[in-house]
Amino acid sequence: MTDNTERLKVEVAERLKVARASFTLNQKEFASISGVGFSTYQKYEMGLSLPGSEAMLGFANIKINANWLLTGKGEMMLDAEDAPLSMPYAWQSENAEHSVRERQQSAYASTQQAPLGFVLVPRYDVAASMGNGAVIHSEQVVDHLAFREEWVRTELGANPKNLLLISAIGDSMEPDLRAGDLLLVDRSYTTVNHDAVYAFSTNGELRVKRMQLKIDGTLVVRSANAQYEPEYLTPDQAEHLHIVGRVVWSGRRM
């Protein structure tokens, strides 16, 4: 490595620290909203390596000026219209298992300011069954995930205040949805008025199915998995369903 490269590593590391401080995030949180691996990001701040093209795109997605980051010239932050759009990135707390105190802190975090250009969506300790139903054991918020606000409003057409995250279990919606998928639910949909996938509760169970309202008021509840037969509910039966919201996005671990 040349002296110039080593000097550039140190300079980029210092500018990354400045940028991260402006977001008031720790290293793991900042790496996550940038779409960069935590250990990889640590090397950037330690001056051990330089960000590659994918990392630079991730930083640009949160409006950090690549020219400023690499040269120190220009403004640190891009204008909103200059920042590229991408799929949302998410961040969560250090530990998957939260103590009661950590959960309280996480719930409190929802009242705080999200990273610039992002909105915080609460993730609930609730699993929605895509098979025979799952009892709701807890509705406590376990953490918050950050999504790009512009993506939420333009692509999903949703108000961030109406969104929540739950997990999926079961196989009845495969291959569309799989067990373990993270489901983004828009709570503004309290009735079935579109042929879409909804989260709903019945008899103390939370489920996720595709629903279709027919002209005569019959509610058709379908699974994506052909092994499960559709259910047909009369208007009276449908009244006992509580529509939690419409599933507007899903994500899964690769």
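Observations on the model:
- Filter result (of a type in the set (Phe, Trp, Tyr) and either touching an Asp or Glu at 6+ places or on another chain (Cβ under 8 Å) or assigned to a loop (DSSP other than H, G, I, E, B) (or both)) within segment 187-199: TYR189
- Boolean, SER32 is outside any loop (DSSP other than H, G, I, E, B), within 20 Å of the chain's Cα centre (by Cα) and either at pLDDT 85 or above or more than 22 Å from TRP151 (Cβ to Cβ) (or both): yes
- For the residues GLU29, GLU11, GLU6, the requirement of being touching a residue at least 60 places away in the same chain (Cβ under 8 Å), farther than 21 Å from PHE118 by Cβ and of a type in the set (D, E, K, R) singles out GLU11.
- Test result for LEU206, in a strand (DSSP E or B) and modelled with pLDDT under 90: yes
- Inspection of segment 179-200 finds a residue satisfying the criterion of being surrounded by fewer than 20 Cβ atoms within 10 Å (Cβ to Cβ), closer than 30 Å to LYS28 by Cα and small (Gly, Ala, Ser).
The values are calculated or read from the model by the stated rules, or taken from the named source; none is laboratory data. The shown structure was predicted, so the numbers you read here are calculated from the model rather than taken from an experiment. Positions of Cβ are backbone-derived with ideal geometry, glycine not excepted, and every protein chain shown enters the neighbour counts.
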